[in-house]
Amino acid sequence: MTHKKSAITIDDLGKRYLLGSGGGERYRALRDVIVNGITGLFKRDRSQQEQKEFWALRNVSLRVEEGKSFGVIGRNGAGKSTLLKLISQITEPTEGEIRLRGRVASLLEVGTGFHPELTGRENIFMNGSIMGMTNAEIKRKFDEIVDFAEIAKFLDTPVKRYSSGMYVRLAFAVAAHLETEILLIDEVLAVGDAKFQKKCLSKMENVSASGKTIMFVSHNMASVKNLCSKCIWLDSGRVKMIDDADKVIDSYLLAGEEMGAQKVWNDQDAPQNSWVKMRSVRLLNESEEPAANFKTSEPVLIELVFEVADDGNRIVTGYHMFRRGTFLFSASDQDHNEEKNIRYGKGVHKVVCVVPANLLNYGEHNLEFVIGVNNAQIKTGEVLSFRVFNDYPTEWLGEVRPKLEWRI
Amino acid sequence: MKERIIKRRKGFISIDLKELWVYRELFWFLAWRDILIRYKQAAIGIAWAVVQPLLTMVVFSVIFGGLAKLPSDGVPYPILTFTALLPWQFFANSMRASSQSLVGNSAIITKIYFPRIIIPTSAVISGVIDFAISFVILIGMMGWFRVMPTLNFLFLPLFIFLAFIAALGVGLWLSALNVEFRDVFYIVPFLIQAGQYFSPVAYSSSIIPAQWKFWYSLNPLVGVIDGFRWCILGAPAPDWNNLMVSTLAMVALFVSGLIYYKKMERTFADII
Ligand SMILES: Nc1ncnc2c1ncn2[C@@H]1O[C@H](COP(=O)(O)OP(=O)(O)OP(=O)(O)O)[C@@H](O)[C@H]1O
Ligand SMILES: [Mg+2]
């Protein structure tokens with residue numbers, strides 16, 4: 001048999017997390033350990049062991065041939081990023097194993113490893129070095145990186161002054177140009193503008209043609225189809241399907257699993273009661289174009305279209321906003337003067353709620369819409385999903401990151 | 001090309017020296033970054049590195065040498081304390097920097113793989129600059145007070161190395177502890193305060209009564225500081241038994257730190 005060697009071989013891989021870890025309030029106090037005895041140091045907290053565990057990924061096996069591009073798709077929380085983190089050795093598998101042939105460069109989030117105070121030039125060296133490159137290797141690739149990122153003029157400017165576009169460009173350029181055999185890319189291109197996304201995709205095609213192995217996570221099915229020959233569909237941490245990319249993506253789209261930036265209902269399956277019927281919901285950016293990715297500095301416009309059967313009903317529209325599974329807030333057009341809630345007559349109505357810029361924190365957000373009519377309610381369930389990206393290079397703790405007035 | 005296997009590590013965790021060699025430049029890069037940022041953000045950074053030990057020296061000389069009239073082993077009191085401040089400040093700065101190092105670098109830890117041990121180590125390395133600055137000042141002071149170095153000076157690198165190991169040992173402990181216990185942040189300043197008085201920084205260790213010497217020497221810094229004084233000032237040679245005790249305590253600190261760090265390292269990215 002002379003089939004190609006595989007660059008990545010994964011056998012029965014699993015990763016178990018403790019629910020509730022990765023948050024802020026979970027840290028233990030050393031003070032308590034000292035009081036309770038030193039043995040506690042080497043153990044995880046008892047109360048933590050009693051915590052619920054869950055498998056972010058389980059029983060995953062796959063093979064990626066050398067020089068091929070492999071797509072990873074699935075809903076939010078399916079375990080895509082976890083898979084890449086395991087391959088790049090950032091976190092340790094709970095079970096199973098991964099065999100790798102070659103060095104790995106990963107771009108799991110924009111600007112990873114960039115320090116805002118350092119200049120573009122300094123960050124290129126820093127970043128390359130973190131990815132295991134020697135100084136000499138980085139020097140060799142330096143001009144190409146700068147060229148690709150189109151930041152020659154700003155090389156000696158601290159990256160905190162970069163626009164988010166420049167930021168992604170540089171981050172992508174570094175990861176894609178380093179002399180590694182395997183490249184892992186997680187959903188980072190969504191931040192850049194359309195022109196740059198194209199450039200990145202064609203760069204990845206080149207990179208792949210030159211023999212690098214690529215693993216590519218994206219919610220953008222068109223680019224996965226374009227770039228990848230094979231694809232895996234993850235669903236709640238399990239493999240739903242591994243096959244040719246076209247086939248997997250078709251099944252995925254058919255399953256209608258992907259929550260998107262809009263949802264249009266037909267007459268039958270629309271959430272409805274005898275007074276109102278939902279027609280469509282969607283997300284728009286500042287220029288009122290449909291969008292699924294937003295920067296923290298951009299407002300998010302939430303549009304709801306619904307149909308009312310009769311005049312004279314008390315109708316209140318609203319939605320629930322979730323971030324990474326946490327209920328963030330509910331919003332509604334309700335008036336405290338009940339009488340004033342009679343304002344949507346018979347016909348089709350469109351309401352738009354503007355979530356102001358600089359309120360939402362980075363990450364995945366989901367929306368559920370609710371319409372209250374008289375004393376009844378119709379709900380859509382979580383139907384829309386969008387992603388907010390950090391404009392600011394460092395992560396911000398907390399569920400929201402409002403920009404507040406400071407009196408100094 | 002050889003295949004690498006990634007799986008859950010079990011049992012005693014060994015250190016992959018080959019991998020550290022591959023990443024050798026990253027030690028310097030991270031230290032260089034820390035230094036760059038420190039001096040970029042505050043032009044007073046360098047000034048502070050000069051003023052802080054000098055000020056401390058003056059205070060110690062006035063209080064312990066001048067008012068309390070503690071013995072100074074035949075050298076001017078300022079030189080006596082400054083010689084000790086060299087390793088002590090290095091140690092204290094390392095403690096501060098390394099205890100925050102992992103948490104401060106959480107963004108890269110959760111998104112890129114590299115041997116985690118590089119982070120606290122670089123934090124300790126980045127203190128070398130301040131150390132060098134202080135060293136230059138010391139040489140100036142020796143000229144001023146006309147203290148001639150002796151041949152013992154040749155042994156100084158050995159004690160610098162010991163100071164480094166002591167700082168790294170504590171750094172490994174504190175950085176890993178800080179990932180899980182965020183109150184470490186509040187404990188460190190207290191440890192530094194206490195450590196300063198339990199180490200012969202403001203005084204000569206010759207004032208410690210002989211029957212307590214053994215217990216006193218369990219502090220790894222005692223051996224280091226006595227060694228520094230012996231090398232630089234030609235102070236009486238440290239008692240070899242006590243030096244041994246100090247060095248063994250240091251090795252214990254370092255090895256236990258390494259074991260604890262390696263054990264916790266596997267989950268840094270998950271919980272940080
Ligand atoms: N450090 C952690 N501790 C606990 N749970 C975690 C941790 N990291 C991820 N998870 C959980 O593991 C699951 C899989 O997460 P993962 O980030 O892999 O999803 P994903 O497929 O990349 O989703 P998305 O499309 O939103 O990026 C999620 O439920 C997530 O909340
Ligand atoms: Mg993800």
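Couple of notes before you dig in:
- Apart from one condition, B:ILE232 fits all of (1) at pLDDT below 90; (2) within 14 Å of chain A (Cβ to nearest Cβ); the exception is (2).
- Failed condition for A:GLU95, given (1) more than 16 Å from ligand 1 (Cβ to nearest atom); (2) surrounded by fewer than 17 Cβ atoms within 10 Å (Cβ to Cβ): (1)
- Selection of region B:241-257 for residues being surrounded by fewer than 18 Cβ atoms within 10 Å (Cβ to Cβ) and under 22 Å from the mean Cα position of the chain (by Cα) yields B:MET244, B:LEU248, B:VAL251, B:ALA252, B:VAL255, B:SER256.
- When residues of region A:68-82 are limited to those that are of a type outside the set (A, V, I, L, M) and touching a helix residue (DSSP H, G or I) at 6+ places or on another chain (Cβ under 7 Å), the one nearest to ligand 2 (Cβ to nearest atom): A:GLY74
- For region A:62-81, the set of residues classified as of a type outside the set (A, V, I, L, M), within 16 Å of ligand 1 (Cβ to nearest atom) and either part of a strand (DSSP E or B) or more than 12 Å from chain B (Cβ to nearest Cβ) (or both) consists of A:PHE70, A:GLY71, A:GLY74, A:ARG75, A:ASN76, A:GLY77, A:GLY79, A:LYS80, listed by residue number.
- With respect to the stated conditions, A:VAL373 fails to be under 25 Å from A:MET278 (Cβ atoms), modelled with pLDDT under 90 and either outside the structural domain of A:VAL316 (by TED's automatic domain parsing) or surrounded by 13 or more Cβ atoms within 10 Å (Cβ to Cβ) (or both).
- Residue match in region A:134-155 (condition: away from ligand 1 (no atom under 16 Å from the Cβ), more than 28 Å from B:GLU19 (Cβ to Cβ) and under 24 Å from the mean Cα position of the chain (by Cα)): yes
- Of the set (1) of a type outside the set (Gly, Ala, Ser); (2) more than 7 Å from chain B (Cβ to nearest Cβ); (3) farther than 22 Å from A:VAL72 by Cα, all apply to A:VAL168 but (3).
- Residue within region A:105-114 that is polar (S, T, N, Q), under 25 Å from the mean Cα position of the chain (by Cα) and at the interface with another protein chain (Cβ under 7 Å from one of its Cβ atoms) present: yes
- Of the helices (runs of 4 or more DSSP H) lying entirely inside region B:21-137, those carrying at least 2 residues that are over 28 Å from B:ASP270 (Cα atoms) and within 13 Å of chain A (Cβ to nearest Cβ) are B:24-41.
- Residues in region B:176-195 that are more than 13 Å from chain A (Cβ to nearest Cβ) and of a type in the set (S, T, N, Q): B:GLN193 only.
- Residues (within 16 Å of ligand 1 (Cβ to nearest atom) and either touching an Asp or Glu at 6+ places or on another chain (Cβ under 9 Å) or among the aliphatic types (A, V, I, L, M) (or both)) located in region A:326-362: A:THR326, A:LEU328, A:LEU360, A:ASN361, A:TYR362
A quick yes/no check of all residues on (1) buried (at least 24 other Cβ atoms within 10 Å of the Cβ); (2) away from ligand 2 (no atom under 16 Å from the Cβ); (3) among the acidic types (Asp, Glu):
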site: A:LEU86; (1), (2), (3): yes, no, no
site: A:THR91; (1), (2), (3): no, no, no
site: A:PRO116; (1), (2), (3): no, yes, no
site: A:ASN123; (1), (2), (3): yes, yes, no
site: A:GLY128; (1), (2), (3): yes, yes, no
site: A:MET133; (1), (2), (3): yes, yes, no
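- Residues of region A:53-67 satisfying the condition of being more than 13 Å from ligand 2 (Cβ to nearest atom) and either acidic (Asp, Glu) or over 18 Å from A:SER208 (Cα atoms) (or both): A:GLU53, A:PHE54, A:TRP55, A:ARG58, A:ASN59, A:VAL60, A:SER61, A:LEU62, A:GLU65, A:GLU66
- Of the residues in region A:82-91, none is in contact with a Leu (Cβ under 8 Å, 6 or more places away or on another chain) and away from ligand 1 (no atom under 16 Å from the Cβ).
The values are calculated or read from the model by the stated rules, or taken from the named source; none is laboratory data. Nothing here was measured: the structure is a model prediction, and the numbers come from that model. Heads up, the Cβs are rebuilt from the backbone with ideal geometry, glycines too, and the neighbour counts pull from every protein chain shown.
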